[in-house]
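*Asks:* Here it is, the structure, as structure tokens.
Quick note: the coordinates plus some simple rules give every number you see, no bench work behind them. Keep in mind it's a predicted model, so treat the numbers as computed, not measured. All Cβ positions, glycine included, derive from the backbone under ideal geometry; neighbour counts span all protein chains shown.
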Amino acid sequence: MIKKLILQFIKVFWWFIGHLPLQVNLRIGRVIGRLGFYLDKKHRDIAIRNITTAFGDTKTANELYVLAKKAFENLGMNSMEFCRLPWLTEKNLAGYIECDGFENFKKAYDKGQGVIFLTGHFGNWELMAIFYALKGYPVDIIVRDLDNPVVDEFIRWVRTRAGNRTISKGRSMRELMRVLSKGGIVGVLLDQNVTWSEGVFVNFFNQLACTNKGTALLALASNAAVVPTFIVRERKGHRIIIGEEITLVNTGDRANDQLNNTAIFTRVIEDFVKKYPEQWFWLHQRWKSRPENDPNKGTEKAALIQTR
């Protein structure tokens, strides 16, 4: 009973924030982002360190600092726009979200073998998922269960209200195969650090980054099309950019194919980050897992990963 009351209170508060005029909403979000930048020293330092790793040879210290602040501002605006998601309709999309390359998605989708959306924590990725659902193409999204059950239930409500579905990370592979076998759509954010057992080390901004190998395994096992999709924040709204289907490496050597395809996927994400660096989630420790600390070091698998 108490849980239901708390959820209802949150929804009412969310409704109020979500129905503020968009420009007011975004101005508040930008202020929240700036405050976070100045007050959250831990994540500010992580962001600046990450940006320095990626662009330290091409940008000045002041440019790196400004870039980090803009990344915080983008996250602040995302948080305020997140309040609007449960009440968006397809009519709301006009003038708010433009889309380039929708024909790339349709071509892949019409094959009937399922589509894996390759993306990352870029722009307003939550809004992008809602866009597809409102266009009539709901997406199954892999999520991590949150520690607080009330917050977890509420966030899932926001994400699924338009028709999308969430799949808990711990039981995702079998469920994702089922979705793809029926010609469905799966969304994968492949830009975060994972443990050695979950990933392979591939280059990301010329640094080895432990990256989830599950997407490559899923693509090869299901024969689904892998289509890159990203959302970019623009002055008056957002633009979704959909690339052409990615050609997979499939030699029959499972370990090698997982490694090479994961490297290809990561390169696609890196190219987008280079174009719009202020819109990526720099607050995450992307290079946290290091190959020299790999407990599998010395095995044939580890040798393959580190020599590529």
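*Asks:* Answer with a single label: of (i) 149; (ii) 131; (iii) 167, which was calculated as volume of the Cα convex hull per residue in Å³ from the structure in view?
*Replies:* Answer by label: (i).
*Asks:* Full-extension gain between Leu146 and Thr89, please, as 0.36 nm times their residue separation minus the C-alpha to C-alpha distance.
*Replies:* Gain on stretching Leu146 to Thr89: 17.8 nm.
*Asks:* Quick one: Kirkwood hydrodynamic radius for segment 129-216, alpha-carbon pairs, angstrom, one decimal?
*Replies:* It works out to 14.4 Å.
*Asks:* Right, another one. Please give the contour-minus-distance gain from Ser168 to Asp271: 0.36 nm per residue of separation, less the Cα-Cα distance, rounded to one decimal in nm.
*Replies:* 34.2 nm
*Asks:* How high is the relative contact order of the chain, given as a whole-number percent (alpha carbon pairs under 8 Å, six or more residues apart)?
*Replies:* That works out to 23 percent.
*Asks:* Can you tell me how much longer the chain between Lys11 and Ala61 gets when fully stretched, taken as 0.36 nm per residue apart minus their C-alpha distance, in nm with one decimal?
*Replies:* Extra length available between Lys11 and Ala61 comes to 13.8 nm.
*Asks:* Please arrange Glu292, Glu81, Glu245, Glu63 by how many other C-beta atoms lie within 10 Å of their C-beta, fewest to most.
*Replies:* Placing the least packed residue first, the sequence is Glu292, Glu63, Glu245, Glu81.
*Asks:* Under a Cβ-only charge scheme (Lys and Arg +1, Asp and Glu -1), can you give me the dipole magnitude of segment 91-306 about the Cα centre, in debye to the nearest 20?
*Replies:* 400
*Asks:* Seen from all sides and averaged, what is the projected area of the convex hull of the Cα atoms in segment 55-212, in nm²?
*Replies:* 11.7
*Asks:* Related question: Do the sum for the chain: with -39,500 (n - 2.57) for every DSSP H run of n ≥ 4, divided by all residues, what is the mean residue ellipticity at 222 nm, to the nearest 500 deg cm²/dmol?
*Replies:* Per the formula, -16000 deg cm²/dmol.
*Asks:* Under the √(5λ) rule applied to the eigenvalues of the Cα gyration tensor, what semi-axes describe the equivalent ellipsoid of segment 225-282? Give them in Å, descending.
*Replies:* Equivalent ellipsoid of segment 225-282: 28, 13, 6 Å, largest first.
*Asks:* Among all the aspartates and glutamates, which ones have a C-alpha under 17 Å from Lys91's C-alpha, if same-chain residues fewer than 8 places away are not counted?
*Replies:* Glu81
*Asks:* Counting other beta carbons within 10 Å of each Cβ, put Val249, Val150 in order, fewest first.
*Replies:* The order, fewest Cβ neighbours first, is Val150, Val249.
*Asks:* Set Lys and Arg Cβ to +1 and Asp and Glu Cβ to -1, take the dipole of segment 129-207 about its Cα centre, and tell me which of Asn148, Asn203, Leu189 lies farthest positive.
*Replies:* About the Cα centre, the residue reaching furthest to the positive side is Leu189.
*Asks:* Determine, for Leu22, Leu190, Leu248, Leu39, the number of other Cβ atoms within 10 Å of each Cβ, and report the residues in order from fewest to most.
*Replies:* With the sparsest Cβ surroundings first, the list reads Leu39, Leu22, Leu248, Leu190.
*Asks:* Can you compute the FRET efficiency between Lys107 and Val31 using 1/(1 + (r/R0)^6), with r the Cβ-Cβ distance and R0 = 41 Å? Round to the nearest 0.05.
*Replies:* So the FRET efficiency works out to roughly 0.45.
*Asks:* Put +1 on the Cβ of every Lys and Arg and -1 on every Asp and Glu Cβ in the chain; which of Gln258, Phe13, Gln285 then has its Cα farthest towards the positive end of the dipole?
*Replies:* Phe13
*Asks:* If you bin the C-alpha pair distances of segment 63-107 every 5 Å from 0, what whole percents do you get?
*Replies:* Spelled out bin by bin, segment 63-107 gives 5, 15, 15, 16, 18, 16, 10, 4, 0 percent.
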